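Chemist: Please find one structure pasted underneath; my questions will follow.
The values are calculated or read from the model by the stated rules, or taken from the named source; none is laboratory data. Keep in mind that this is a model prediction, so the values were computed, not measured. Here the Cβ positions follow ideal geometry from the backbone for every residue, glycine too, while neighbour counts run over all protein chains shown.
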Amino acid sequence: MLQATEEATEASIRDSYTVDLLGSPEYIHEVVVGDDEARYSADDDFTDESSAVFYGNIVSQADPERLQQFAGPNRLSSLYGAGNTIAEFDMVRGYDADDVRVLPVVRGIMYDGNSIEVESEVYMPWLKGMY
């Protein structure tokens, strides 16, 4: 998690916004919980959703064109027609994955394996070169 946080922090203070640090956002319609019974974990099955549903049910309901008249340039109005909501809000991403050795006591009680792959994904706002 520290490595992912460090990566996101470094990206957040860069002078230029780098979109290639981002993955495309996943729109999840439904989660089928896996054997570990923890929602949103690696063994779950996800039913994908289209970004059109997000725009149709959230962004368009805010009437961004009308909002633009009252609030001038704003994030919600600029989202209308944008393709990537994470990039639109100037978020940067940090990611790291590593195999973590499992202690013998844990193998005996909880998990019968030598290691577990742990993934960390951190998002931070881009600070536009301010730090």
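Chemist: When only residues in segment 25-49 that are loosely packed, with under 13 Cβ neighbours inside 10 Å and out of contact with any strand residue (DSSP E or B) (no Cβ under 9 Å at 6 or more places or on another chain) count, which is modelled with the lowest pLDDT?
Modeler: Ser41
Chemist: Under the condition of being among the small types (Gly, Ala, Ser) and surrounded by 11 or more Cβ atoms within 10 Å (Cβ to Cβ), which residue from segment 1-22 is modelled with the highest pLDDT?
Modeler: Within segment 1-22, the match that is modelled with the highest pLDDT is Ala4.
Let's see how each residue does on (1) modelled with pLDDT of 70 or more; (2) of a type in the set (A, V, I, L, M); (3) loosely packed, with under 12 Cβ neighbours inside 10 Å:
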| site | (1), (2), (3) |
| --- | --- |
| Gln61 | yes, no, yes |
| Pro64 | no, no, no |
| Arg75 | no, no, no |
| Gly83 | no, no, yes |
| Gly94 | yes, no, no |
| Val100 | yes, yes, yes |
| Pro104 | yes, no, yes |
| Met110 | yes, yes, yes |
